[in-house]
1. What is the ratio of the Cα radius of gyration of the range A:50-315 to 2.2 N^0.38 Å, with N the residue count, to two decimals?
2. Translational diffusion coefficient of the range B:37-97 at 20 °C, 1.002 mPa s, Stokes-Einstein with Kirkwood Rh over Cα pairs, in µm²/s as a whole number.
3. What's the whole-number percent of alpha carbon pairs in the protein assembly as shown lying beyond 52 angstrom?
4. Given H placed 1.01 Å from N in the peptide plane, which residues other than close sequence neighbours of B:GLY91 have an amide H under 5 Å from its amide H?
5. Over the Cα atoms of chain C, what radius of gyration and what Dmax do you get, in Å?
6. Among B:GLU123, B:GLU183, B:GLU252, which one shows the biggest mean-square fluctuation in a GNM of chain B, springs joining Cα atoms closer than 10 Å?
7. Please state the charge dipole magnitude for the range A:50-315, taken about the Cα centre, from unit charges on C-beta atoms (+1 on K and R, -1 on D and E), reported in debye and rounded to the nearest 20.
8. Taking Rh as the Kirkwood radius, which is the inverse of the mean 1/r over Cα pairs, what is the Rg/Rh value for chain A?
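Since every read-out is calculated from the coordinates, none of them should be taken as a lab result. Owing to the predicted nature of the structure, the values given are computational and were not obtained by experimental measurement. Here the Cβ positions follow ideal geometry from the backbone for every residue, glycine too, while neighbour counts run over all protein chains shown.
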Amino acid sequence: MSVGQRLWRAVPSSIKEDDKRLIIALLAGTYLLYAVSQVYLALMNNADVFPAVANSLQNLTFLIAVYAIMALALNLHWGYTGLFNIGIAGFMAVGVYSMSILAAPPGGSPPGFGLPVPIALIGALVITAIVGGIAALPALQLEADYLAIVTVGLSEIIRLVLNADYFSGTVTDPQSNSYNVVNLFGFKFGTGGGQGINTPTSSPASYLYGPSGDPNAIGELAYGIGVSLGVNNSVVNGFTYGMFLLLFVVTAYYVLLVRIGNSPFGRVLKAIREDELVAQSLGKDTRWVKIKVFMVGCALMGLGGILWQGSFGFVNPNTFRPIVTFYIFTALIVGGSGSNTGSVVGGAVFAAFLFEGPRQLARVVEAAMGGLLITVSGPGASLPSPNNFYVAFSTLDPLGWLGYTIGNISSLRFILLGVVLVYMMQNRSEGLLGHRKEIAASVDLSERKGNVAPTDGGETNE
Amino acid sequence: MNTDTAGSPEAKGPDELPDIEDSDVEKAAQETPRGLPLRVLNLEKRFGGITAVDGVSFEVEEGSLTGLIGPNGAGKSTTFNCITGVHEADGGRVLFKGDDITGRKPYEIADRGLVRTFQIARELEEMTVLENLMLAPRGQIGEKLYRSVTPGLRGEVIEQETEIREEVWETLEFFEIDHLAEEYAGNLSGGQRKLLELARALMVDPDVLLLDEPFAGVNPSLEAKLLEQIHTLREEGYTFLLVEHDIDLIMENCEHIIVMHQGKLLAEGPPEEIRNNDRVIDAYLGEDI
Amino acid sequence: MEIAERYSAGKRVLVEHPAVALLGAVLLYLLSDLILKTANVSIAPWGVHLIGGQLPVSNLGRFVLDGLIVGLVVGLAGVGLSMTYGILNFANFAHGDYITTGAFAGWLTAYIIGFLTLPVDPPFGDIFLFAESSLVSVVNAPVAIVLGLVASGLGTVGVVLLLDRWVYRPMRDKGGIPLLIASIGVALALRYAIVFVFGTSASGVTSTSDIPQFEIPLGDGRIPLDLHEITLIVAAIALMFGVHFLLQRTKLGKAMRAMADNKDLAQVTGIPTERIIRATWIIGGGLAGVAGFLIVLERGVISFNMGWRLLLLIFAGVILGGIGSVYGAMAGGIIIGIASRVSLVWIPSDFARVAAFTVMILVLLYRPEGLFGGVKTA
């Protein structure tokens, strides 16, 4: 029995059997781990403990929430319907850019449509759904691996078009030779090209708290609490937004997807994943269903993109490279595709342990080694940080190797990701949670009128 | 038997097949007596240079248990696939309940009440037996996404789901696989899969059931059980077209038999007629039957 | 009679595959436009520009030549991608990073040889990390280039075989999608292992100051061509002929073709599957590595994501030529390369890759068996 299995056995079954408890327990454990390590870091670096912990946790909350959101959206395509869509980054880009262009002021550079943000948001979702519907057409006739190539190609096409100077709208003087504003039926707009584009807000919390210079009553209260704890306004804002995403948006996505999954519609999705010809032979118009599911899933990805990449005030096309898609896929695969609970768990595990984890670990190791060196060799000693591989490894100094490794943890993180993907595919393609019976029906199928239901329903297999 | 339009298939080579005009179909449809839900006219299918089905015509009578037999490679499964829209026929027509369904998509054909099973049972493996059966019924309002998701509209969906659930359990009991209800279909044995497949097809509430070798790989006792159930269902009014290469089984159970050989219709008629047909005997010579 | 038949065939295409017909019409228009443009003819009745314009033949020539250079690299690298797709049945997303691996293995070797033979004296660390820029060329260190070329192939083969052993071999019985996902993992791990050692910045490695330039006269102008480009063209074409010889004349090649055609049948007839798979990786990986070395020779710059950036273009070539076909991959690569450059006649350079990817998607949709139709040549 592996260490993982032993750990899993140690988890009380009351937690394992209830999805909500499982997610809450996982989040609580993760937060505790980060809080403890952050306290240690703050003490080692002589920083204030509480602000350091708060800052770390607000970052973690945001990451967990966005990856859970995206993994849930992908689960509709890949987990439920078996549609191998690896163009997620492209659909996120369509969402973020549509909203930004619709909301940008007409006189700006690039010019936009000047719509109020909520309308721009709805418009962006509609546009993403339409683009998703078009992208679904290949899915009607292609096998999964061809669809993968088509969708990744499409996402690169989207990124390259957004990146092109031709539509950027940065030169607004019609007399100029390099005039590049798009004119569609008299509406003028541009993408910003390689320079990127402004999104409507850099601080989504300001919709609740009012502008940061002049907060409203709720803002005053929240910032006041922050000040009393030694936490600055931007951390308060970040925490507020992260919690909004985690508590409301993730929950809303979860509820929506459970509803979609546990319904006659969800049954058809599953049937398409298992064997499309069987579904057709039972009279299901699978083509229409695939188009619908592509549209809904893409709209959810677009919204996820808006809430994530669209929340920094600025975005450029290179934010939407295929690597983002692979992050999300890894999150879903780690959690267990096909399961909505698995998607959330995967998002949390990916964000906390694969994405942010190595960096946090590197910080802790660096601080610990620094402390150790000071105790051993006196004050002023610190871990060497060689500036390249050759220097680090030709000195034959293990501390130099460690220092270089810590300094380059971001590339090691990608290697870890790759290894995890390969490991999961070889040994545990069903993800951490394994196969879960999330029965696709709006009613409990084991229940019957007048008859006693079999009692072993809902138990995880194995 | 009704063989007025079918003619004698081997009398005409593939080149002399009459073009079937739309008016012919309309005429055939108008002439279709109520008792003939499925009619196949001059069906033709080629793969590359090989003609797998070569101008086959036959009819299936309402409430009958019709058998389609022939040695391996006779074109039985291809005929099935052409009827159910899995393959696109290269020529000929398929009429179902008087409508031309040639070239229709599989789901359209199934939706009209012509439902098939597969030679190698195709289960939806990572769905439970219950889910497999719940999937099948036609006209599920919850298959419309907005109905399943919008809070105010879910009541009707749940009501319908509850009704379907009752039917599903009854069907499971009829086939005596209710103890497997919560099992993944992928965990079922070969014979259980055949039962599940028939049960699932039945849940569509079809008028005509096309069974592609339902007894292949099934042990004798289960075979007897399946046959008994098919007979019971037939008495309830279902129509069956059965593909089999086991000639004895068909002889004993079907009242009308169609024999195919090398893509062509070889003979047609009641069992005793087929038994004494020289051409059938010739075709099966050397075949281990 | 014949004309009538053709007419009816054309009519059928128009009715049954309107998208194919439209694509054909667009291609026909572009081709005639190109001919008219080079002939300096412009047809614009009533002031509306219909077709034609101005395009010096030498400009077109340069586009074609550039495209050929890119296309040869794409085609060479595509051979391996197509072979693994045909024989192992999965789309290998790590193939681009095999190219990068080859480039780094080859150029590290070339740099070390250059360090040993050239009259320069940088610290070895600068050699190792390509920090000493523009060190070698075909003229000043031909031996370094040749050995680098060999090392790029051998180094990649070594890495590819190790990866097969660790990653793909335990998964032989799994489907195409788990293998595809695992290959994404391999791609990430390989790419960032290179970053861990060599960093993320691009380095200039070839010396272009002393290499001879040639000029091919064409029409009213000249097409410049340098020795590195000639080296690339010659080496790539020679390797393609080598692959052709291997497939047609050797027992191994015949076995590989049989296996690409029908894996089960090949196994039944006693072809040693694992040995064929190893040979596939060796040939495919080696060619990818060499392609990486050659493209760096021509462009002069090496960077960690060069192969990944080429990958989709290579997929486009392979799909165009028909997945699983070796000759299709070569031809498809060359077509994609030339088309992506000649497209600059009509569209801004920002969209060259967009056009290539669009073609790839259209081919997958309307002619998934590739341009040369369904016949698997290897």
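1. Numbers: Rg = 20.8 Å, N = 266, 2.2 N^0.38 = 18.4 Å.
With N residues counted in the range A:50-315, Rg over 2.2 N^0.38 Å equals 1.13.
2. Numbers: Rh = 11.9 Å.
The Stokes-Einstein estimate is 180 µm²/s.
3. Values: 202724 of 636756 pairs.
Considering the protein assembly as shown, 32 percent of its Cα-Cα pairs are separated by more than 52 Å.
4. Result for B:GLY91 returns B:GLU44.
5. My reading of the Cα-based Rg and Dmax gives 22.5, 78 Å.
6. Maximum fluctuation in the GNM of chain B, among the listed residues, is at B:GLU252.
7. Details: 10 positive and 11 negative charges, 106 e Å.
Computed charge dipole of the range A:50-315: roughly 500 debye.
8. Details: Rg = 24.6 Å, Rh = 24.5 Å.
Answer for chain A: 1.00.
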